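The values are calculated or read from the model by the stated rules, or taken from the named source; none is laboratory data. None of the values given here were measured: they were computed from a predicted structure. Ideal geometry is used to build each Cβ from the backbone, glycine not excepted, and the neighbour counts take in all protein chains shown. Areas reflect the complete protein model, heavy atoms only, side chains present, ligands, DNA and RNA absent. Shrake-Rupley method; radii C 1.70, N 1.55, O 1.52, S 1.80 Å.
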There are 2 protein chains.
Amino acid sequence: MNPILLVPLAGIVGLTFVAILARWVIKQDPGTPRMREIASYIQQGANAFLRREFQTIAYFIVGIAVLLLIFLEWQIAVGFVLGAVFSLLAVFIGMNVATRANVRTSNAARTSAGKALTVAFRGGSVMGLSIVSLNMMGIVLLMWLFGVGPEDPSGVSLLVGFGFGASLSALFAQLGGGIFTKAADIGADLVGKVEAGIPEDDPRNAAVIADLVGDNVGDCAGRGADLFESGADNVITTMIIAASPFFFSRYGWAGILFPLIARAIGVLATLVGVFLVQGRDEGNPTITVNIGFLGTALTCLAMFYGVARWMMHDMSLFYAQVLGMMGTLVIVAVVQYYTGAHGRPVRETARYAQSGPALGILAGFSYGMESTVWAEYILGVIILVSWLIGGGGLVGIYYIAAATMGIKEMKGIIMAGDAFGPIADNSAGISQMAGLSGETRKAGDALDAVGNVTKALAKGYAMSCATMGSLVILFAYLFEVARLQGIHLTNLNDFWVNLTNPANICGLFFGIATPYLFSALTLRSVNDGAFKMVEEVRRQFREIAGLMEGKASPDYARCVDIATANALRKMLAPTLISMVIPIILGFTLGPWPLAAYLVGVKASSAALSKALFNTGGTLDNAKKLIEEGHFGGKGTDTHAAAVIGDTFGDPLKDTAGPSLHILVKLQNIMSITLLPLFVQYGLNLFQ
Amino acid sequence: MNPILLVPLAGIVGLTFVAILARWVIKQDPGTPRMREIASYIQQGANAFLRREFQTIAYFIVGIAVLLLIFLEWQIAVGFVLGAVFSLLAVFIGMNVATRANVRTSNAARTSAGKALTVAFRGGSVMGLSIVSLNMMGIVLLMWLFGVGPEDPSGVSLLVGFGFGASLSALFAQLGGGIFTKAADIGADLVGKVEAGIPEDDPRNAAVIADLVGDNVGDCAGRGADLFESGADNVITTMIIAASPFFFSRYGWAGILFPLIARAIGVLATLVGVFLVQGRDEGNPTITVNIGFLGTALTCLAMFYGVARWMMHDMSLFYAQVLGMMGTLVIVAVVQYYTGAHGRPVRETARYAQSGPALGILAGFSYGMESTVWAEYILGVIILVSWLIGGGGLVGIYYIAAATMGIKEMKGIIMAGDAFGPIADNSAGISQMAGLSGETRKAGDALDAVGNVTKALAKGYAMSCATMGSLVILFAYLFEVARLQGIHLTNLNDFWVNLTNPANICGLFFGIATPYLFSALTLRSVNDGAFKMVEEVRRQFREIAGLMEGKASPDYARCVDIATANALRKMLAPTLISMVIPIILGFTLGPWPLAAYLVGVKASSAALSKALFNTGGTLDNAKKLIEEGHFGGKGTDTHAAAVIGDTFGDPLKDTAGPSLHILVKLQNIMSITLLPLFVQYGLNLFQ
């Protein structure tokens, strides 16, 4: 059998199981009328947001596609549209099932905790599988359309349009969803928990539905689009590297196929993992989920081994992949230590909160910054060692790409676990609002705890993914510059990104600074939305008679509207900025200083996003630790201080941090796409 | 006249005026017995801290000097000791006069606001002048000792020991002082203002003297050592660049003299500025101070013009210097906009504080991050344009150094203004504690406002200084690598810091991450100290009978002790880390990846420190804006939220931010010093 056939085959199997799992989830009983009513609010809110978000994105897609068609090849434009549409489609499917799985999880929890786990995890798996499958199918479809084959691999360069389209969708989805979710969350908490003193997810709080919708459009849809993008970018850019004369003469067509085959393996291994997760009423649910992760990892390793041995005839590629996978585990362990509810950092942060919010936040911020260092150091070592496994030099680059594949392989199952989080979260909210029994809620809380573990895992994982992935994109960019400028590559010094050149230093400086601007804008967008939400919830409490006594219902839809309008308006400026800067630099300073810029953005985002992520995580769990009864427990000044810390940390970890990952990838892949224009029409001031 | 004679001459003139100004300040009347008593507490506390800090530093100096003597030339060891000792001496002189000027300023304010301004500014000028003069004298002394002259300029490389010594002192002084001042400040505020509800600088607060001591040992001594270092580093590294065969064949001895002459100009121009500041009872005191700054700047420009025209015969050097000076002004304006009390960012931050501390802090943090971007972009442009003024290529490097000289020129007067800040601050505290009349306090408040302006100026200035200065150090490092490896330089690509080499990428990653670790450790040191201080002040309120009623005195010395012990213990770990990392990288990866590491540290610190600085500044002034009566004014929830924000921001701007500047410079100059060892004994894994 021709090995490339494995790819569409795996895609079809994956999509078939998407349909099977989705049907299975929908077939489950959605519970009492009150539960259905609440769930329908969430569904309507999420759909309304997605519809308006997709509309906004559509304008951009059409506009940019036309420009690409005019200035570049038609294949780029077609790929761009397909990438954007497939990304949105995967997210749409995944979120639709997620917003149905939540209430069914609640209902299952009424009779069986194990069943609830299975429902929630399979609900999340639909997102995971639809992403990896559609991703791969899109690329194969384009290869067939562009006639890319062993005889003429040059068309691989045209695939970047797909990555660009996926990146743009992802940026919007992550930014829009991230701004929505945190504005709603903070708004709901500030008035509900802090001012009115009512519990989380209380039906009297007007922002509570917006908050639950936020879990879906932010955590679920946003992260999904992010991973769709990083998957597409990674496969395409590794193929571009393999298609360069230097590597094509070495590995031939197999080198180009390798990343695709690896992805197909990933889809099949994800399926294995999904079906290994069988909820049981007894025992630790975290172990149940971990069995799924482990099953996927082992399946991947076994199949990797085979591909490296019998297709690539190069065991070093296998070692590099294993290194990537193992290194990521270490990073996840570091993240767990710094943000885990029972590690020293979280305990210390909670202890400092005894002296008020300022010291608590300072402690959380300092641990967040500290965690950055270890993660970055480990990534540096993975890069160095995988390069050396490949013997260093220009050849070693392919092994860095292989290590990255090792990381990306786990994407489907990690995403399933991540989407499981908001489903469990939503389910807990629905149970609370529908007034289900204490027993059911306890089962829900157990699920929620598992969700926190899988979400933390997904975060550590997404960090490695983004950093390593963007490095591979950077190399693809460099190979493309060499191709377009007709440089015959023989060693690494043929790339002209010498850090001692002031034009490159200037590029690096710009690159290091840009993520700060991007984060600043996204944080302020959340602030703005939260501020408006606070005013609205306060207004409803004031103006709707009988609301506080539970005799009247709040106007949930109004809050969803406010969050939606704010998110859609505020996602534009960061997007435009992130697109304009590389274009200006590309046309003025030229391709090499732009490469230095891209390195700067990458390195700075990697560090900053980790600091933001883990600061938020540490502060969040410090609050939870106190709520478990430590340092005085709920209702004390220490708890109030920790709540303030959590509110500060939330947008760092759920809006600014994740958006940075996409900023990096979008700027990189866009630069590759537009590279022919920079080379042809640019001023090239510093060649 | 031989132009080099201008240098010791200017140094002697400078030191003479240090003596004259110090005598003049001490001759002023220190006021009532109560005022003298309070001032003596501050003096004793500051001296006790300095004595213990100097002891700790002495161990390090002796230890490292012995190692340098064994492994490198004796000149390096001697220079190292002299650099460390001169730095501490300058700081000691400056701080001793500052802790006498404070009470005399208070006393002068009782009769004349203008006189008070003059006393405070001249008190600060002693620090400014002693730094620039001793700095220059030390370098000239070593040149004479090492026999550096037009015939044999090679000894210039031996001067790095002086920079290394100055850097080490500065790191300790800034870290120790920075941790001391913020631990004391936060501790005093948290119990005094927040819990006990007594005003700032209330004599019943046990930590109040520690707080006032902190102003001196942190803001004054710490910043002084920082600027001593950056001056030394800059002159020496520019001389090293000029002494390289490439530049020596171009400019000869004049190229080496140029930075020294520029420094001598700076000393003389500072004197002009100091005597132009003549306090008047009428009129705006900010204008009075600005006249001094303007006088210095114009004097510098005029003398620069002469040197460029008649000594260097190259007007482009003049243009580069003007560019540096003007660019810094723009950066200062940006900092003023973002942190100034009446700009939009501060107003918005105050507005968000209406929804509680979390949104307020988020807003301040986002503006801090945003300001970073513009500052970095401007610096990028200064680098690029000054390089182009010099015609680009390898030659252009010298013009980047010239632009940096243009910035550094203003050091003396800026430092005078900066040291003026804590004197005015202390003076206000003494007036409050001694119960002086409302009229006197009003004059003190006006001075304090001027102090805030000069401090903001000094911050924006120190940022440009540190970033540009460290870039020049980096180039000196590269020229030294080339010299030691026998590379004949003809263009920029002869330096092997290609960003596409994974060993360099790894170095860059490590470099980008390290500042996060450093900041995390310093912030937590402040937290620890503040936590202990809170416990102690609470204990004294609880255990000392009659304290709250003003019938008993608190134990001030105990609080000073706690802050001292904490600061001295906690400054060790960050120092060791910052020294160990480059040594490990230098001996393993080799000199080029170490260069990439240094670039990473520089770029990341530049961005991060600006974000930390300006976040703190914005939050501080948002609090002040509310205290002026906006958004409800003092005593409201909004004010409480802003106070929390300020407490969070304080250590960012006064401990973590400033320490990062020194981290960068220490690591750079230490790497140059140890370079011969890396080249000779290192593994050089990635040559």
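Of everything listed in (1) within 14 Å of chain B (Cβ to nearest Cβ); (2) over 24 Å from the mean Cα position of the chain (by Cα); (3) not hydrophobic (A, V, I, L, M, F, W, C), the single unmet condition for A:LYS634 is (1). The residue that is nearest to the chain's Cα centre (by Cα), among those in segment A:402-442 that are charged (D, E, K, R) and open to solvent by 10 Å² or more (accessible area, probe 1.4 Å), is A:ASP425. Would you call A:VAL330 more than 30 Å from B:PHE648 (Cα to Cα), open to solvent by 20 Å² or more (accessible area, probe 1.4 Å) and within 8 Å of another protein chain (Cβ to nearest Cβ)? Considered against the rule, which asks whether it is more than 30 Å from B:PHE648 (Cα to Cα), open to solvent by 20 Å² or more (accessible area, probe 1.4 Å) and within 8 Å of another protein chain (Cβ to nearest Cβ), A:VAL330 comes out as no. Here A:GLY486 qualifies as more than 8 Å from chain B (Cβ to nearest Cβ) and more than 30 Å from A:THR328 (Cβ to Cβ).
For A:ILE378, the conditions (1) within 12 Å of chain B (Cβ to nearest Cβ); (2) in contact (Cβ under 8 Å) with a residue 24 or more places away in the chain; (3) aliphatic (A, V, I, L, M); (4) surrounded by 20 or more Cβ atoms within 10 Å (Cβ to Cβ) are fulfilled apart from (4).
Restricting the search to segment B:65-99, which residues are in a helix (DSSP H, G or I), in contact (Cβ under 8 Å) with a residue 40 or more places away in the chain and open to solvent by 70 Å² or more (accessible area, probe 1.4 Å)? Result: B:PHE71, B:VAL85, B:LEU89, B:PHE92. Annotation: of all residues in segment B:507-540 being surrounded by 19 or more Cβ atoms within 10 Å (Cβ to Cβ) and away from chain A (no Cβ under 12 Å), the one that is nearest to A:ILE512 (Cα to Cα) is B:GLU536.
Of all residues in segment A:493-504, those that are more than 7 Å from chain B (Cβ to nearest Cβ) have Cβ atoms under 7 Å from Cβ atoms of residues that are open to solvent by less than 10 Å² (accessible area, probe 1.4 Å) and assigned to a helix (DSSP H, G or I), 6 or more apart or on another chain, in A:ASP494/A:ALA482; A:TRP496/A:TRP592; A:ASN504/A:TRP592; A:ASN504/A:PRO593; A:ASN504/A:ALA596.
Would a scan of segment A:582-604 turn up a residue that is crowded, with 24+ Cβ neighbours inside 10 Å, part of a helix (DSSP H, G or I), among the charged types (D, E, K, R) and within 12 Å of chain B (Cβ to nearest Cβ)? Looking for residues that are crowded, with 24+ Cβ neighbours inside 10 Å, part of a helix (DSSP H, G or I), among the charged types (D, E, K, R) and within 12 Å of chain B (Cβ to nearest Cβ), one finds at least one in segment A:582-604, hence yes. Screening the candidates B:LEU457, B:LEU489, B:LEU447, B:LEU474 for the property of being in contact (Cβ under 8 Å) with a residue 60 or more places away in the chain and assigned to a loop (DSSP other than H, G, I, E, B) yields one hit, B:LEU489. Given the structure, is B:ASN102 polar (S, T, N, Q), within 22 Å of B:ASN452 (Cα to Cα), at pLDDT below 95 and assigned to a helix (DSSP H, G or I)? It is true that B:ASN102 is polar (S, T, N, Q), within 22 Å of B:ASN452 (Cα to Cα), at pLDDT below 95 and assigned to a helix (DSSP H, G or I). Number of residues in segment A:14-33 that are more than 16 Å from A:ILE93 (Cα to Cα) and open to solvent by less than 50 Å² (accessible area, probe 1.4 Å) equals 4.
For B:ILE361, the requirement of being within 14 Å of another protein chain (Cβ to nearest Cβ), open to solvent by less than 30 Å² (accessible area, probe 1.4 Å), in a helix (DSSP H, G or I) and over 20 Å from B:GLY460 (Cβ atoms) is met. Looking across A:PHE121, A:PHE54, one residue alone is part of a helix (DSSP H, G or I) and open to solvent by less than 10 Å² (accessible area, probe 1.4 Å). It is A:PHE121. The residues listed here are A:PHE228, A:PHE247; of these, the one that is within 19 Å of A:PHE86 (Cα to Cα) and either free of Cβ contacts under 8 Å to residues at least 24 places away in the same chain or touching a helix residue (DSSP H, G or I) at 6+ places or on another chain (Cβ under 6 Å) (or both) is A:PHE228. Scanning segment A:505-520 for residues that are farther than 16 Å from A:PRO582 by Cβ and touching a residue at least 12 places away in the same chain (Cβ under 8 Å) yields a total of 3. No other residue among A:ILE662, A:ILE669 is open to solvent by less than 10 Å² (accessible area, probe 1.4 Å), assigned to a helix (DSSP H, G or I), over 18 Å from A:ALA520 (Cα atoms) and touching a residue at least 24 places away in the same chain (Cβ under 8 Å) apart from A:ILE669. Could you grab me the full set of residues in segment A:443-454 that are open to solvent by less than 40 Å² (accessible area, probe 1.4 Å) and either closer than 12 Å to A:VAL289 by Cα or touching a strand residue (DSSP E or B) at 6+ places or on another chain (Cβ under 9 Å) (or both)? Selection gives A:LEU447, A:VAL450, A:GLY451, A:THR454. Quick check on my filter: what residues within segment A:381-396 are more than 8 Å from every other protein chain (Cβ to nearest Cβ) and either of a type in the set (Asp, Glu) or assigned to a helix (DSSP H, G or I) (or both)? A:ILE382, A:VAL385, A:SER386, A:LEU388, A:ILE389, listed by residue number. Of the set (1) in contact with a Ser or Thr (Cβ under 8 Å, 6 or more places away or on another chain); (2) open to solvent by 10 Å² or more (accessible area, probe 1.4 Å); (3) away from chain B (no Cβ under 12 Å), all apply to A:MET579 but (1).
Exactly one residue out of B:ARG263, B:ARG280, B:ARG309 is crowded, with 16+ Cβ neighbours inside 10 Å, basic (Lys, Arg) and either out of contact with any Asp or Glu (no Cβ under 7 Å at 6 or more places or on another chain) or in contact (Cβ under 8 Å) with a residue 12 or more places away in the chain (or both): that is B:ARG263.
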